[in-house]
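The values are calculated or read from the model by the stated rules, or taken from the named source; none is laboratory data. This structure is a prediction, so every number in the text was calculated from the model and none was measured. For neighbour counting, all protein chains shown are included, and Cβ atoms are generated from backbone atoms with ideal geometry for every residue, glycine included.
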Amino acid sequence: MTAHSTLAPVAVADPDPRCQVVLRAARRAFMTQGYAATRMEPIAREAGVSTATLYLYFPSKADLFAAVIEDAGRDFSRQMECVRASSGPAREQLTHFMTAYAGFMADPFVRSVFRLVMAERPRFRDTALAFFERGRSDFGGPLIRALKDLDSAGELKVAKPSWAAGQLMGMIEHPVFFMPLVTGDEIMAARSIDEIVGDAVDTFLARYAVN
């Protein structure tokens, strides 16, 4: 499991920069070793802080794990701010939106975080639910609003925007996210992102476009 990311770090709420360094070190440890095998002392050493300072920030490994997932969620939210529908005809808007979304979901770092959250869900149910709820709001919300606008403009006929958004996102997620997530990146989609998005938008418009 890789801890590499194409996403830029986002500052955490704590103003002390050492806290951010600790979170980055902990993120790498949890992703490479898993929760059970991760120890606090090596994280403190890698972050260049004392163990006492680490425990001052995070009283337990469970607290540190929850903070790491929250920090990753902030990274995701920042990245998804760039995923917005553009102006123009329905095909142009949806292609722009879904190309950005596909690029985000294809990031190996994104899959690594999801694998970690899924693996530790029984132990951190509330943390996992908050993470997935944040993702649903950040990812689905902008697309639902765009579909409503296109429906109002008479370009689409969408009775259930949330259902339609889920269908379109699902056509993207299966090849670029879920397939490599399940196979450990051993099997990747043969089609390019542009081809996947093009096929998905064609299928979606065949169902919802107003002729």
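Values computed for the structure shown
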read-out	value
Filter pass, residue 180 being part of a helix (DSSP H, G or I) and modelled with pLDDT under 85	yes
Residue satisfying all of: in region 40-98; within 30 Å of residue 195 (Cα to Cα) and of a type in the set (Lys, Arg); modelled with the lowest pLDDT among these	84
Some residue of region 148-161 being under 21 Å from residue 199 (Cβ atoms), part of a helix (DSSP H, G or I), in contact with a strand residue (DSSP E or B) (Cβ under 8 Å, 6 or more places away or on another chain) and in contact (Cβ under 8 Å) with a residue 24 or more places away in the chain	yes
Some residue of region 43-57 being under 26 Å from residue 133 (Cα atoms) and not β-branched (Val, Ile, Thr)	yes
Filter pass, residue 107 being under 29 Å from residue 31 (Cβ atoms) and either touching a residue at least 40 places away in the same chain (Cβ under 8 Å) or of a type in the set (S, T, N, Q) (or both)	yes
Among the residues listed as 147, 156, the single one being in contact with a Pro (Cβ under 6 Å, 6 or more places away or on another chain) and modelled with pLDDT of 80 or more	147
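The rows are residues; the columns are (1) small (Gly, Ala, Ser); (2) closer than 21 Å to residue 120 by Cα.
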position	(1), (2)
30	no, yes
53	no, no
60	yes, yes
78	no, no
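Yes or no, residue by residue, for (1) buried (at least 20 other Cβ atoms within 10 Å of the Cβ); (2) outside the structural domain of residue 182 (by TED's automatic domain parsing):
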| residue | (1), (2) |
| --- | --- |
| 35 | no, yes |
| 50 | no, yes |
| 66 | no, yes |
| 71 | yes, yes |
| 91 | no, no |
| 96 | no, no |
